[in-house]
Amino acid sequence: MHAVIFDLDGVLVDSMPSHSLSWVQAFQNVAGIKIDRRLLYVLEGMRGAELVERVFAENGTDRSLAAPVMREKDRIFKGMDRPRPFEGVREMMQEIKCAKAVVSGSNRHDVESFLDDIVGKENFDAVVTADDIGRGKPDPLAFVTALSKLRVEPAQAVVVENAPLGAKAAATAGIPCYVVLNSTLLVRSDFAGIVPQDRIFEKTSSLKGLLKNLCNE
């Protein structure tokens, strides 16, 4: 294997609790919509605009409120305590010797800032963000773009994800996928038919030995 492609939120950084809470508050504050936090974990991987469009369509909400909702979400999120990398992630990034990439539905500024918190963005061989592509997961474009940047074939890489849409995107791109649950509100059954159960792990750090071995093959 030549490369590992990581999602960021919920895989390397414990940011999904903050993201989900800020979305819940933003939809309530601006549009008066009450949404279940779990839905945000199910839909994780969509670009922000796609997520708002989905929620608005289900609630018959005026689309003119989309931009205000997104601004409110960003305001709330930035006012929260800064999310931290998951335990063991820094060491894991240093010990995995094959090429590493990050694919995220967040904007480039936020992604690179979090990568600097981990081991420095210069230690990743490719970074693909919402600023680089026009479609979110489950569209495979982000992963296909990462493969192109890394100059590897799908069979020469693996993806590490925490969300069903991301796992579906990896599958469509033809890349083997492993799932880590970490602090998610999702359970193993949410990935049924997408990822085999033996490829679902409780924590990102639980994958360290496996990824190190795969990188040596």
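The values are calculated or read from the model by the stated rules, or taken from the named source; none is laboratory data. From a predicted model like this one, the values you see are computed outputs, not experimental measurements. Using ideal geometry, Cβ is built from the backbone for each residue, glycine included, and neighbour counts are taken over all protein chains shown.
Points to keep in mind about this one:
- Pairing each residue of the stretch 36-53 that is of a type in the set (Val, Ile, Thr) and assigned to a helix (DSSP H, G or I) with any residue that is surrounded by 15 or more Cβ atoms within 10 Å (Cβ to Cβ) and at pLDDT 90 or above, provided the two are 6+ apart or on different chains, yields C-beta distances under 6 Å for Val52/Ala66; Val52/Val69.
- Residue within the stretch 168-181 that is buried (at least 22 other Cβ atoms within 10 Å of the Cβ), in contact (Cβ under 8 Å) with a residue 24 or more places away in the chain and among the polar types (S, T, N, Q) present: no
- The lone criterion from (1) in contact (Cβ under 8 Å) with a residue 40 or more places away in the chain; (2) surrounded by 16 or more Cβ atoms within 10 Å (Cβ to Cβ); (3) not in a loop (DSSP other than H, G, I, E, B) left unmet by Lys212 is number (2).
- Selection status of Val30, out of contact with any strand residue (DSSP E or B) (no Cβ under 8 Å at 6 or more places or on another chain), more than 23 Å from Leu185 (Cα to Cα), surrounded by 14 or more Cβ atoms within 10 Å (Cβ to Cβ) and at pLDDT below 90: no
- Of Glu122, Glu72, all but one fail to be at pLDDT 90 or above and either touching a strand residue (DSSP E or B) at 6+ places or on another chain (Cβ under 8 Å) or not aromatic (Phe, Trp, Tyr) (or both); the exception is Glu72.
- When we screen Glu87, Glu122 for residues that are farther than 26 Å from Phe191 by Cα and surrounded by fewer than 16 Cβ atoms within 10 Å (Cβ to Cβ), the only hit is Glu122.
- Count - residues of the stretch 190-209 that are free of Cβ contacts under 8 Å to residues at least 60 places away in the same chain and either in contact with a Cys (Cβ under 8 Å, 6 or more places away or on another chain) or among the β-branched types (Val, Ile, Thr) (or both): 4
- For the residues Pro154, Pro164, the requirement of being buried (at least 21 other Cβ atoms within 10 Å of the Cβ) and either under 20 Å from Leu207 (Cβ atoms) or modelled with pLDDT under 90 (or both) singles out Pro164.
- Sole residue being of a type outside the set (Asp, Glu), more than 19 Å from Thr145 (Cβ to Cβ) and modelled with pLDDT of 95 or more, chosen from Val42, Val89: Val42
- Top-ranked residue of the stretch 183-197 - restricted to ones that are under 15 Å from the mean Cα position of the chain (by Cα) and hydroxyl-bearing (Ser, Thr, Tyr), ranked as farthest from Pro83 (Cα to Cα): Thr184
- Looking at Ser22, Ser106, Ser18, just one residue is among the hydroxyl-bearing types (Ser, Thr, Tyr), surrounded by 14 or more Cβ atoms within 10 Å (Cβ to Cβ) and under 30 Å from Met1 (Cα atoms), and that residue is Ser106.
- Residue check, Val158 in a strand (DSSP E or B), of a type in the set (A, V, I, L, M, F, W, C), in contact (Cβ under 8 Å) with a residue 60 or more places away in the chain and within 26 Å of Pro83 (Cα to Cα): yes
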